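*Asks:* I have a structure I would like to understand better, so I am pasting it below and will then ask my questions one at a time.
The values are calculated or read from the model by the stated rules, or taken from the named source; none is laboratory data. A quick note: this is a predicted structure, and the numbers were derived from the prediction, not measured. Cβ coordinates were reconstructed from backbone atoms using ideal geometry, including for glycine residues, and neighbour counts include every protein chain displayed.
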Amino acid sequence: MKLKKSVKKILILILFCIILIFSGVKLIKYIIYVNSDTYKLINRGYKENEVKLFLEKLDKKKIESLEKSKKNDYLYNLLNQKYFLMKNLDKYEKYLNENPDESYKNVVAIINTKANYNWYNKKQTKNSDTSKGNLILVNKFNNLDKNYEPSKLKKISIQYAYYDNFIKEEVKNAYEEMAKNAKEKNLKLIASSSYRDYNSQQILYNRYIVQKGTKEANNVSAKAGYSEHQTGLAIDILTDNITMSEFENTDEFKWLKENSYKYGFILRYPKNKTNITGYAYEPWHYRYVGKKVAQEIYKEKITFDEYYAFYIDNK
Ligand SMILES: [Zn+2]
């Protein structure tokens, strides 16, 4: 009987200890939680899915600053953009602050491609990385040396081009196949201008300046060294008896717009992308990037500048 009593006492003591430990653990857990980033962010008004994404993507410093400042609505949206680059976060925020009406998608595109700077801004300009082959980027911030000449330039068949049009061999083959397939649909593609060296670009650009003034010339023409035509990867495509400005309304254009990517070409200066490319809409200007990249750019409705910033420059 005595023994039983003491067993009972011991059991009660054990139970008490268990409860104590259990409560203690719970209390510690609670203290940890209250001091956690999750708690602090939720306390700031962020939803659970927002907090999860922040903790997954942002560094300690950024998280701490979020915990200390008023809830913002833009960060979650920015982080969810397909082409978001962490290294540009501060720049996105600054730009968004100055341009609150711009869409998140545009903010990311503009900052990634540096289109927030003035075109030809000296500090932002660098030499194009010519080791990128078909994916070499030439735009208003990336230029080619005066002496750069692409390898393996071949003449495009006069069946599909005006006289004396040269282009890189791989591009020639892709273009001629495309023009042949278009012809089977009674569409006539004519390469009107393809490879242009530095000097001929300079002559062309200067002519535009005289005709249209510097501002308008920059909208439609590239400074020497800054033209994609110097890469041997770009072709201006027209059809018979048509001016450049009329090309948009032809069946040839409609076909190219939907099919050129299948041959590795992209419409390089699309409508409504002037703020990214720095060029007015050019329905005639096609750039060879190879089938895989062309398909991606077509599917995603992005410019090559955006593609390059995200997939190539970022690596
Ligand atoms: Zn062109």
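*Asks:* Name the residue, out of Y198, Y263, Y269, Y298, that is away from the ligand (no atom under 12 Å from the Cβ), within 23 Å of G133 (Cβ to Cβ), hydroxyl-bearing (S, T, Y) and under 18 Å from the mean Cα position of the chain (by Cα). Give the steps one after another, and end with the answer.
*Replies:* On the way: Y198 fails: under 18 Å from the mean Cα position of the chain (by Cα); Y263 fails: under 18 Å from the mean Cα position of the chain (by Cα); Y269 fails: away from the ligand (no atom under 12 Å from the Cβ).
Of the residues listed, the single one that is away from the ligand (no atom under 12 Å from the Cβ), within 23 Å of G133 (Cβ to Cβ), hydroxyl-bearing (S, T, Y) and under 18 Å from the mean Cα position of the chain (by Cα) is Y298.
*Asks:* State which residue is nearest to the ligand (Cβ to nearest atom) when the search covers only the range 215-258 and only residues that are of a type outside the set (S, T, N, Q), in contact (Cβ under 8 Å) with a residue 60 or more places away in the chain and in a loop (DSSP other than H, G, I, E, B).
*Replies:* A222
*Asks:* Mind checking which residues of the range 64-107 are assigned to a helix (DSSP H, G or I) and among the acidic types (D, E)? Please lay out each step first, then the result.
*Replies:* Of the range 64-107, the ones assigned to a helix (DSSP H, G or I) are 64-68, 74-79, 86-98, 104-107.
E64, E67, D90, E93, E98 - these are the residues of the range 64-107 that are assigned to a helix (DSSP H, G or I) and among the acidic types (D, E).
*Asks:* Against the definition (outside any helix (DSSP H, G or I) and out of contact with any Leu (no Cβ under 8 Å at 6 or more places or on another chain)), how does K180 come out, yes or no?
*Replies:* Here the answer is no, as K180 does not meet what is asked.
*Asks:* Then there's this: Could you list, in sequence order, the residues of the range 272-292 that are away from the ligand (no atom under 13 Å from the Cβ) and of a type in the set (S, T, N, Q)?
*Replies:* First pass over the range 272-292, keeping only residues away from the ligand (no atom under 13 Å from the Cβ): 272-276, 278, 289-292.
Selection gives N272, T274, N275.
*Asks:* Which residue is nearest to the ligand (Cβ to nearest atom), if the candidates are limited to the range 182-195 and must be surrounded by fewer than 20 Cβ atoms within 10 Å (Cβ to Cβ) and touching a residue at least 60 places away in the same chain (Cβ under 8 Å)?
*Replies:* Filtering the range 182-195 for residues that are surrounded by fewer than 20 Cβ atoms within 10 Å (Cβ to Cβ) and touching a residue at least 60 places away in the same chain (Cβ under 8 Å), the one nearest to the ligand (Cβ to nearest atom) comes out as S192.
*Asks:* Any idea which of (1) more than 23 Å from the chain's Cα centre (by Cα); (2) among the aromatic types (F, W, Y); (3) within 30 Å of K105 (Cβ to Cβ) is the one Y33 doesn't satisfy?
*Replies:* Condition (3) is where Y33 drops out.
*Asks:* Go through the range 39-63 and give me each residue that's aromatic (F, W, Y) and part of a helix (DSSP H, G or I).
*Replies:* Keep residues of the range 39-63 that are aromatic (F, W, Y), which gives 39, 46, 54.
Residues satisfying the conditions are Y39, F54.
*Asks:* Might you check whether a residue that is assigned to a strand (DSSP E or B), buried (at least 19 other Cβ atoms within 10 Å of the Cβ) and in the same structural domain as Q159 (by TED's automatic domain parsing) occurs anywhere in the range 266-280? Even if it seems obvious, please write down each step before you answer.
*Replies:* Within the range 266-280, the subset assigned to a strand (DSSP E or B) is 266-267.
With buried (at least 19 other Cβ atoms within 10 Å of the Cβ) added as a condition, the list becomes 266-267.
If we keep only those that are in the same structural domain as Q159 (by TED's automatic domain parsing) too, we end up with 266-267.
Within the range 266-280, one or more residues are assigned to a strand (DSSP E or B), buried (at least 19 other Cβ atoms within 10 Å of the Cβ) and in the same structural domain as Q159 (by TED's automatic domain parsing).
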